[in-house]
Amino acid sequence: RTAQIKFINKENNIYEHVTITQMQRDAIVVAEAEYEFGVDGGNLDFEIQTNVDITVTISDNAKDWIQQVETRALVTKALFFDIAVCEEEEDREGTITISGGNATQTITVKQSGLKEILEMEREALIAFYNATGGDNWKRNDNWCSDKPVSEWYGVYTNPSYYGNDGVCILDLSDNNLTGGIPEEIGDLTFLHSLNLMGNTFTGGIPATIGNLTKLETLELSYSNLSGEIPSEIGKCSNLTIIQLND
C-alpha cells in the first residue's frame, strides 16, 4: 500500500511530497519479469526489493549458460548474472526463481540462437559470390552448395576460439575477384579477419563495413579499389591491422 504526505508552505509557495510505500508481509519485487539477450549473451544485473531472506534457483536447463556472479559490491539485494554466448542454432529459454518466506518471483531469460544469423551469413556469402564473379574465381570449391559454409573455399569458422559457428575469417586473396564488394559484406558480423588483397574490384569500400565491429584485421591492398575510405570504418573499434596500400 502507498500513501503521500504533503508539506506545504503557502507563504512562500513551496511544497514537498513524501511517498510512503509499505510492502505486504512477504514480498519480492523485481523491475522486469523477462529479459532477452542476443547470441553474444552479456551481463544481467538487476536489483530487487524484498523484506525476506531470499534464495536464487536457476532452472536445470539453463545452469550451463546462466551463471550467478558473486560480487563484493556494497549494494543491498543486488543480483548479477552472466549470460554466455549461445553456440546453439535454436533459441533457448531459462528461468531464475527468487524465493524467500512465502514469496516467490520467477524471471524468464530468453536468448536468440544462431539459426537466423547462420542463414543470413549464407545468403550474404552467396550475394558476395554473385557480385564478384564467383564463377570465374581461381578457386570456388563448394561455394553456393548445400555443404556447411566452413567447407567453402576461403571461409573459416572456429567455435573453439571465437565462441560460435559464425564466419570468423574470409580469405579470398589473389583469387580473381572482380566487380564490386556488395553491401551484404556487413552481414558477416562475426568476422574477425577479412582478406581480399590482390583482386580487381570496381568501386570502393561499402559503408556497411562499419557493421563488422569484431573485425581485427582488414586487408584490401592491391585490389583496384577507389573512392573515399568510409567514415563508418571507425565503428570497427577492434581493428589492429588495416592494409589499404596501392
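Six or more apart or on different chains, Cβ atoms under 6 Å: show the pairs whose first residue is in the range 31-50 and within 18 Å of residue 104 (Cβ to Cβ) and whose second is open to solvent by 50 Å² or more (accessible area, probe 1.4 Å) and part of a strand (DSSP E or B).
Taking only residues 6 or more apart or on different chains, the pairs are 49/29.
Which residue pairs have Cβ atoms closer than 6 Å, lie 6 or more positions apart in sequence or on different chains, and pair a first residue in the range 86-107 that is over 18 Å from residue 32 (Cβ atoms) with a second residue that is at pLDDT 75 or above and in a strand (DSSP E or B)?
86/111; 92/111
When the residues of the range 212-230 are narrowed to those that are outside any loop (DSSP other than H, G, I, E, B) and open to solvent by less than 30 Å² (accessible area, probe 1.4 Å), which ends up nearest to residue 132 (Cα to Cα)?
Result: 218.
From the list 118, 194, pick out the single residue that is of a type in the set (A, V, I, L, M, F, W, C) and open to solvent by less than 20 Å² (accessible area, probe 1.4 Å).
Values: 118 fails: open to solvent by less than 20 Å² (accessible area, probe 1.4 Å).
194 is the lone residue from the list that is of a type in the set (A, V, I, L, M, F, W, C) and open to solvent by less than 20 Å² (accessible area, probe 1.4 Å).
Please determine whether any residue of the range 135-157 is in contact with a strand residue (DSSP E or B) (Cβ under 8 Å, 6 or more places away or on another chain) and surrounded by fewer than 18 Cβ atoms within 10 Å (Cβ to Cβ).
yes
Please verify whether residue 199 is open to solvent by less than 30 Å² (accessible area, probe 1.4 Å) and either within 28 Å of the chain's Cα centre (by Cα) or touching a residue at least 12 places away in the same chain (Cβ under 8 Å) (or both), treating the condition exactly as stated.
yes
Picking from 214, 147, which residue would you name as being of a type in the set (Lys, Arg) and over 19 Å from residue 39 (Cβ atoms)? So that I can check it myself, show each step before the final result.
On the way: 214 fails: over 19 Å from residue 39 (Cβ atoms).
Only one candidate qualifies: 147.
Check 128, 81 and return the single one that is open to solvent by less than 30 Å² (accessible area, probe 1.4 Å) and over 23 Å from residue 187 (Cβ atoms).
81
Identify all residues within the range 210-246 that are closer than 14 Å to residue 185 by Cβ, in contact with a strand residue (DSSP E or B) (Cβ under 6 Å, 6 or more places away or on another chain) and of a type in the set (A, V, I, L, M); write none if there are none.
218
Those residues that are at pLDDT below 85, open to solvent by 100 Å² or more (accessible area, probe 1.4 Å) and more than 30 Å from residue 96 (Cα to Cα), I need them from the range 3-32; list them, please.
Result: 13, single match.
With 185, 233, 209 as the choices, which residue is among the β-branched types (Val, Ile, Thr), open to solvent by less than 20 Å² (accessible area, probe 1.4 Å), touching a Gly at 6+ places or on another chain (Cβ under 9 Å) and not in a loop (DSSP other than H, G, I, E, B)?
209
The values are calculated or read from the model by the stated rules, or taken from the named source; none is laboratory data. Predicted, not measured: the structure shown is a model, and the values here were computed from it. Cβ coordinates were reconstructed from backbone atoms using ideal geometry, including for glycine residues, and neighbour counts include every protein chain displayed. Keep in mind that these areas ignore ligands, DNA and RNA; they rest on the heavy atoms of the full protein, side chains included. Shrake-Rupley method; radii C 1.70, N 1.55, O 1.52, S 1.80 Å.
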